[in-house]
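All remarks here apply to the structure that follows.
The values are calculated or read from the model by the stated rules, or taken from the named source; none is laboratory data. None of these values were measured; they are calculated from a predicted model. Cβ atoms come from the backbone with ideal geometry, glycine included; neighbour counts cover every protein chain shown. Accessible surface areas use protein heavy atoms only, side chains included; no ligands, DNA or RNA. Shrake-Rupley method; radii C 1.70, N 1.55, O 1.52, S 1.80 Å.
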Amino acid sequence: MLKVKVLLVGPRESGKSVLANFVSESIEGIGSYSPTQGVRFETCWPALMKDSHGVIIIFNPELPSHLKEIETWYSCFVQQQPLLDSQCLLVAHHKPGSAGDTENLSLAYPLNKLKLIHSNLEEDPEDVRMEFIKYFRSIITLINESREREEMSIIS
């Protein structure tokens, strides 16, 4: 059985738990905000990152501070591993009742070269689910291709 490790990271109150519960089809916590005790200590991050196959960076696009913070999350969790940009997904999570402006989001380099999806679980939950499935499939494809290359190098 193939095991895949994908990290969900991002600033506080960005929607990480809500999206994790939604994608895993858990109903716990969907609908109301209840803070979860994430890993707030940077000294633990290297252990978390070990053997990860991908990173999903979740942020609230309506909070200017989040746009700056996600650069740090990208630097720590993607560039330092190092992962390919194709192994990273940016999720602009729009909370219930938010304006949800998806057109005017400008991200600085190198974030602007990453795959970006907008998540609004009130308006388009199935589109969000499909985007996550596409992302997970791309990670599985990368893992399988890497394993095949490794097996071929052993054979030859």
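Gain on full extension, evaluated as 0.36 nm per residue between residue 75 and residue 151 minus their Cα-Cα distance, stands at 24.2 nm. Rounded to the nearest 20, the Cβ-based charge dipole of the chain about its Cα centre (Lys and Arg +1, Asp and Glu -1) stands at 500 debye. Ranking of 147, 12 by solvent-accessible surface, largest first: 12, 147 (1.4 Å probe, protein heavy atoms only, all chains present).
Between 0 and 90 degrees, the angle of helix 64-74 with respect to the longest Cα principal axis of the chain falls at about 10 degrees.
Taking amide H atoms as placed 1.01 Å from N in the peptide plane, the amide H of residue 115 lies under 5 Å from those of 90, each 5 or more residues away in sequence or on another chain.
Principal axis extents of the Cα atoms in the chain, from largest to smallest and rounded to whole angstrom, are 58, 32, 29.
Size descriptors for the stretch 95-156 (Cα atoms only): Rg and Dmax, in that order, 17.6, 58 Å.
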